[in-house]
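Reviewing the structure listed below.
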Amino acid sequence: MNAMNLQNKTVLIVGGAAGIGQATALLCAERGATVIVADFNETEGKATAQAANATFVRVDVTDEASVAAMCASIAQTHGKIDALVQTAGILKGAYVNLEDFEMATLRQVLDVNTVGSFLCAKHAKPLLQKGQKPAIILISSPAAYGVSSSYAYAISKGGVSALGTTMAGKLAPEGIRVNVLFPGGINTYMKRSVIEEDARRKGEDPQAAVDAAAQSGLGEPLGVARVLAFLVSDEADYVRGSVSTR
C-alpha cells in the first residue's frame, strides 16, 4: 500500500488558514484525504479550503461553545473524522521580562494554545471513527523544554505536551493514537515576527534578520506538513508519543 495514500481519511485541521496548518491541509488534500479546514480567520481559511477542495468551518478555539458547534456541524456534514490535527496557536510577550509580564497576555496564550487544544480534542473525540486507526495530533514546541522568547508560550506548549502524553495513555484502550509534534524553527508568520522583534530590540534590520535565519536553515511549513500527513496515515500506527522535526 502507498503510505501517502489518504483517500480513506477525513481529516480535521484546526488552524488551517495559514502556516503549518495550511500546508498540511493542502498536502493531505493532494494525497486524497477529505479535508476540513477550521480557523478563526475566515478570509484566509476559506481561501485555503477552496484551494484544497475542502470544507471550511469557522471556530474560536478559546470558546467551548464555538468548538462544540464546529464539531456538531462536522457531524452533520461528514458524519465522522479519522484524524484531528490541531495546529492553531499564538505567541505573545516575546522578550518581555518576567517582572513585566502581564497576566492578560499569559491567559490569552494559554487560552489559545493549551485550552484550545484541550477543547478541540474533547469535542472531536466522539467524531473519531472507531476501527479506522483514528489519530489526534497536537503541536507543541521545543520551547516546552528549552528557553523560549516568551514565558507564556513556553508554559502553554508545556501544557500541550502534558495534555498529549495524558491523552495518549488514557485513549489508547479505545484505539485512538495521540502524537505530539515538536517542530523546530519553521518559516511561518509567527516565527518571522519573533525574529523581527529580536532584531528591533538589538537595533538591527528586521528583514535582514529574517533573511539570515532563512539562509541558515529555517525550515518550511511543507516539511512539517509531510510529517503530519504521515502521522495521519495508517502507516503511522506504530508511532507513539512525541515526534520532532527540524
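The numbers here are math on the coordinates, done by the rules we state, and not lab data. What you see is a predicted model; the values in this text were computed from it and never measured. Reconstructed Cβ throughout: ideal geometry from the backbone, glycine too, with neighbour counts over all protein chains shown.
If each of Gln76 and Asp198 carries a label point 7 Å out from its Cα toward its Cβ, how far apart are those two points in nm?
Label-label distance for Gln76 and Asp198, simple model: 4.6 nm.
Name the longest site-free stretch of the chain, where the excluded sites are chymotrypsin sites (Phe, Trp or Tyr not before Pro) in a DSSP loop with no more than 15 other beta-carbon atoms within 10 Å.
Formally, the longest exposed-site-free interval is 1-94.
Let me make sure I get this right: for the chain, a, b and c are the square roots of the gyration tensor eigenvalues over alpha carbons, sorted descending. Under 1.5 in a/c it's rounded, otherwise prolate if a/b > b/c, else oblate. Which is it?
In terms of gyration-tensor shape, prolate.
I'd like the trypsin sites (Lys or Arg not before Pro) in segment 41-102 restricted to DSSP loop residues with at most 15 other Cβ atoms within 10 Å, sorted by number.
Lys80
Assuming R0 = 22 Å, what is the FRET efficiency of Arg240 and Gln7, from their Cβ-Cβ distance, to the nearest 0.05?
0.30
Rank Asn179, Asn53, Asn97 by mean-square fluctuation in a GNM of the chain with C-alpha springs under 10 angstrom and give only the top-ranked residue.
Sorting by GNM fluctuation, first place goes to Asn97.
Enumerate the amide H contacts of Ala83 below 5 Å, restricted to partners 5 or more residues apart or on another chain; note that Pro and chain-start residues carry no placed amide H.
The answer is Thr10, Leu12, Ala135.
Go ahead and run the numbers for FRET between Ala162 and Lys46, Cβ-Cβ distance against an R0 of 35 Å, rounding to 0.05.
0.55
If I fit a long axis through the Cα atoms of helix 189-201 and take the longest principal axis of the Cα atoms of the chain, what angle between them do I get, 0 to 90°, rounded to 10?
That helix lies at roughly 10 degrees to the long axis.
Using a simple spin-label model with points 7 Å from Cα along the Cα→Cβ vector, what separation in nm is obtained for Leu98 and Ala68?
Each label point lies 7 Å from its Cα, and together they span 3.9 nm.
If the elastic network links every pair of Cα atoms under 10 Å, which of Ser148, Ser156, Ser216 fluctuates the most in the Gaussian network model of the chain?
Result for the chain, Cα springs under 10 Å: Ser216 fluctuates most.
Just rank Ile139, Ile20, fewest to most, by other beta-carbon atoms within 10 angstrom.
Result, fewest neighbours first: Ile139, Ile20.
Cut-off is 10 Å between beta-carbons; in what order do Leu12, Leu231 appear when sorted fewest neighbours first?
The fewest-first ordering by Cβ neighbours comes to Leu231, Leu12.
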